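Enquirer: This is the structure I have questions about; it appears just below.
The values are calculated or read from the model by the stated rules, or taken from the named source; none is laboratory data. Worth saying up front: this structure is predicted, and the values here are computed from it rather than measured. Cβ sites come from the backbone with ideal geometry, for glycine too, and all protein chains shown count toward neighbours. Accessible surface is based on the protein model in full, side chains and every heavy atom, while ligands, DNA and RNA are left aside. Shrake-Rupley method; radii C 1.70, N 1.55, O 1.52, S 1.80 Å.
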Amino acid sequence: MSHSPFLGRTIQVVKDLSLDEQAYLYKKTRDLKQAILAGKDWQQFCINKKDRGVYLLFLEDSTRTKESFRNAAIFHSLKVNDFDARTSSFQKKENITDTVKMLMGYSSSSMFVIRSKQEGVCRWLDSSMSRYAQKAGLEKPSFINAGDGQHEHPTQEFLDEFSFLEYYNWDASHIHIALVGDLFHGRTVHSKVEGLKIFKNVEVDLIAPAEIAMPVHYVTLMKKSGYKVRIFDSIEEYIAQKHRADVWYFTRLQLERMGERLVKQAEQLRQAVSFSYDYLNKIDAKTRFFHPLPRHSETPTIPMFLDDTPFNAWDEQSRNGYFTRIVAIGMLGGSIGGDFEGESPRQILHEEPHIETVPVRTKSKPEYKIGIRPVEAGIVIDHIGVGSQPRQIWDHIAKIRHILDLHMVSSQGVFKSEHHDHYKGIVSIPGLHELNEDKIRMLAAIAPGSTLNTIVAHHVVKKFRLSIPDRVSKLPGLRCKNEACISNPEFFEPVVAEFIKTDQDTYRCIYCNTPHAYRDIWIN
Ligand code: NCD
């Protein structure tokens, strides 16, 4: 059992399983579903460990996700605990970090299935509780994200992709899918950005009015993955053209996440993304409708008259939730995975900023000035914001001063470079002989490309060139801009924001994945 490569892992986002691992999950689910439906022996899939606890922590409403997880855990003969948030210490303002730490003590090993408004909660618990488990001599717990705010819903994604593969008869060469509904607030459609990669060629049609359209950064990621993306305002507009998807994935309007202004427009928005009788003779007979459910009973985006037609694929999709979750629990619990061959996700290493020492050349003239006087001794931050417009460089300078708390007598300016046709900023601080390591790392993150010069007797004696670090962590003043992020201090969890540089030269919050420009990762 213990040689499963999945044992003790956490699934916060779809990407926490590599593509090979996702394909493995679908293959195992297919085997399991066949075995169960044919009444064959399925004991080989079971964990059968009564002292392994599965905690269902649902801090937002749920029917299908919670019940399918509960039944999947029972299938494995595990100890299932349903945590009732309404009668718990959450009402006394206890935080989730303390709660989970306490619950871990009741089993030799634990798995937590968590649904919460706080985005990135499983990633946080995975790192903090691993440290705690080590200290307390417990097995590392697993955390499964059962929907975090409007961020992701990875296990829904696995059951959705499994259902699409079933529909395409296991041919993963191509999918043409229409995502219809509230693409802005719906986490199930956000998880599609990664999940659809299981198909080789992906065509995605996004159907939603601008108010509830797919966030731009997700559209960018889809295009970067090579998906062909088209955007439509309504089903009416979509139906009017001929190249239509065979898989239609509907979502409901996420009213609970909309502000008052949007809720007022709900009726009009809903109409744009609801199927109607008039469209029926315009769609191809092989079209199938999927939906993560629930449907709104009065105004469903897939009307009830479609329930008993061949277009209904959502009932089978919903049933697949049970099978895929049995396999997901089996993988993280160690009963499934011994025969896995393939790649696992790349570990993100803790990278330090690159601080390169630059050789200094002796010059006869004093090198830097403070106002009109040469700097005799102190530090000078040079080459700030090279290549940016003066306005942005002033903004960088203000950030450097504010975040590094450099408010002493000093001077600054934005200049045209002597040798090149571009602008740069300079801050000169006489009397300050060095910046501590934290401040150098912060400077590298705020003003990558800048140089830090130490001046003694009018001359530069030491020079460092700072480049953008791959990871920014453990520094004061970091702040994720997503208010729903678990690192938001208003949640009173002991989490400090951390960021990882992505290939687009932006930083992503390690918890909620929200992209930030490098200058925006600090408290304003
Ligand atoms: C979805 C969810 O919670 O995000 N439902 C589900 O898990 N079955 C979609 C929704 O609530 O609309």
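Enquirer: Quick one: in the stretch 149-181, which of the residues that are farther than 21 Å from ARG70 by Cα and among the hydroxyl-bearing types (Ser, Thr, Tyr) is nearest to the chain's Cα centre (by Cα)?
Expert: Only one residue tops the list, namely SER173.
Enquirer: What are the residues in the stretch 127-151 that are touching a helix residue (DSSP H, G or I) at 6+ places or on another chain (Cβ under 9 Å) and either in a helix (DSSP H, G or I) or open to solvent by 10 Å² or more (accessible area, probe 1.4 Å) (or both), if any?
Expert: SER128, MET129, TYR132, ALA133, ALA136, LEU138, GLU139, LYS140, GLN150
Enquirer: Only helices (runs of 4 or more DSSP H) wholly contained in the stretch 171-264 count here; list those with 1 or more residues that are crowded, with 18+ Cβ neighbours inside 10 Å, away from the ligand (no atom under 16 Å from the Cβ) and in contact (Cβ under 8 Å) with a residue 12 or more places away in the chain.
Expert: Fully inside the stretch 171-264 and qualifying: 216-224, 235-239.
Enquirer: Separate question: Scan the stretch 341-353 and tell me whether some residue there is assigned to a loop (DSSP other than H, G, I, E, B), open to solvent by 30 Å² or more (accessible area, probe 1.4 Å), among the charged types (D, E, K, R) and at pLDDT 85 or above.
Expert: Yes: one or more hits.
Enquirer: So which residues in the stretch 274-333 are open to solvent by 20 Å² or more (accessible area, probe 1.4 Å), of a type in the set (D, E, K, R) and within 16 Å of the ligand (Cβ to nearest atom), if there are any at all?
Expert: ARG295, GLU298, ASP315, GLU316, ARG319
Enquirer: Separate question: Residues that are over 30 Å from GLY147 (Cβ atoms) and hydrophobic (A, V, I, L, M, F, W, C): find the strands (runs of 3 or more DSSP E) completely inside the stretch 428-505 holding 3 or more of those.
Expert: 451-456, 459-467
Enquirer: Under the condition of being in contact with a Phe, Trp or Tyr (Cβ under 7 Å, 6 or more places away or on another chain) and without any contact (Cβ under 8 Å) to a residue 60 or more places away in the chain, which residue from the stretch 508-524 is most open to solvent (accessible area, probe 1.4 Å)?
Expert: ARG508
Enquirer: Right, next: Identify, by number, the condition in (1) under 26 Å from CYS509 (Cβ atoms); (2) not in a helix (DSSP H, G or I) that ASN81 doesn't meet.
Expert: Only one criterion in (1) under 26 Å from CYS509 (Cβ atoms); (2) not in a helix (DSSP H, G or I) is unmet by ASN81, namely (1).
Enquirer: Considering every residue within the stretch 371-384, establish whether at least one is modelled with pLDDT of 90 or more and either among the acidic types (Asp, Glu) or part of a loop (DSSP other than H, G, I, E, B) (or both).
Expert: Yes, the stretch 371-384 contains at least one residue that is modelled with pLDDT of 90 or more and either among the acidic types (Asp, Glu) or part of a loop (DSSP other than H, G, I, E, B) (or both).
Enquirer: Taking the stated definitions as given, is LEU196 in contact with a helix residue (DSSP H, G or I) (Cβ under 6 Å, 6 or more places away or on another chain) and of a type outside the set (S, T, N, Q)?
Expert: For LEU196, the condition - in contact with a helix residue (DSSP H, G or I) (Cβ under 6 Å, 6 or more places away or on another chain) and of a type outside the set (S, T, N, Q) - is not met.
Enquirer: Can you tell me which of (1) more than 13 Å from the ligand (Cβ to nearest atom); (2) part of a helix (DSSP H, G or I); (3) open to solvent by 10 Å² or more (accessible area, probe 1.4 Å) is the one ALA72 doesn't meet?
Expert: (3)
Enquirer: Scan the stretch 35-62 for residues that are over 20 Å from GLU119 (Cα atoms) and within 27 Å of the chain's Cα centre (by Cα) and jot them down.
Expert: Correct list: GLY53, VAL54.
Enquirer: May I pose another question? Just wondering, is there one or more residues in the stretch 88-109 that are among the small types (Gly, Ala, Ser), within 24 Å of ASN320 (Cβ to Cβ) and buried (at least 17 other Cβ atoms within 10 Å of the Cβ)?
Expert: No, every residue in the stretch 88-109 fails to be among the small types (Gly, Ala, Ser), within 24 Å of ASN320 (Cβ to Cβ) and buried (at least 17 other Cβ atoms within 10 Å of the Cβ).
Enquirer: Tally the residues that are assigned to a loop (DSSP other than H, G, I, E, B) and open to solvent by less than 70 Å² (accessible area, probe 1.4 Å), restricting the search to the stretch 35-61.
Expert: Qualifying residue count, the stretch 35-61: 7.
Enquirer: While we're here: Quick one: which of PRO154, PRO209 is within 20 Å of ARG115 (Cα to Cα) and touching a helix residue (DSSP H, G or I) at 6+ places or on another chain (Cβ under 6 Å)?
Expert: The unique qualifying residue is PRO154.
Enquirer: Right, something else. For the stretch 371-391, give me the residue count where each residue is touching a Phe, Trp or Tyr at 6+ places or on another chain (Cβ under 9 Å) and open to solvent by less than 80 Å² (accessible area, probe 1.4 Å).
Expert: Summing the residues that are touching a Phe, Trp or Tyr at 6+ places or on another chain (Cβ under 9 Å) and open to solvent by less than 80 Å² (accessible area, probe 1.4 Å) in the stretch 371-391 gives 10.
Enquirer: Return the only residue of LYS49, LYS40, LYS79 being out of contact with any Phe, Trp or Tyr (no Cβ under 9 Å at 6 or more places or on another chain), farther than 16 Å from ARG319 by Cα and in contact (Cβ under 8 Å) with a residue 12 or more places away in the chain.
Expert: LYS49
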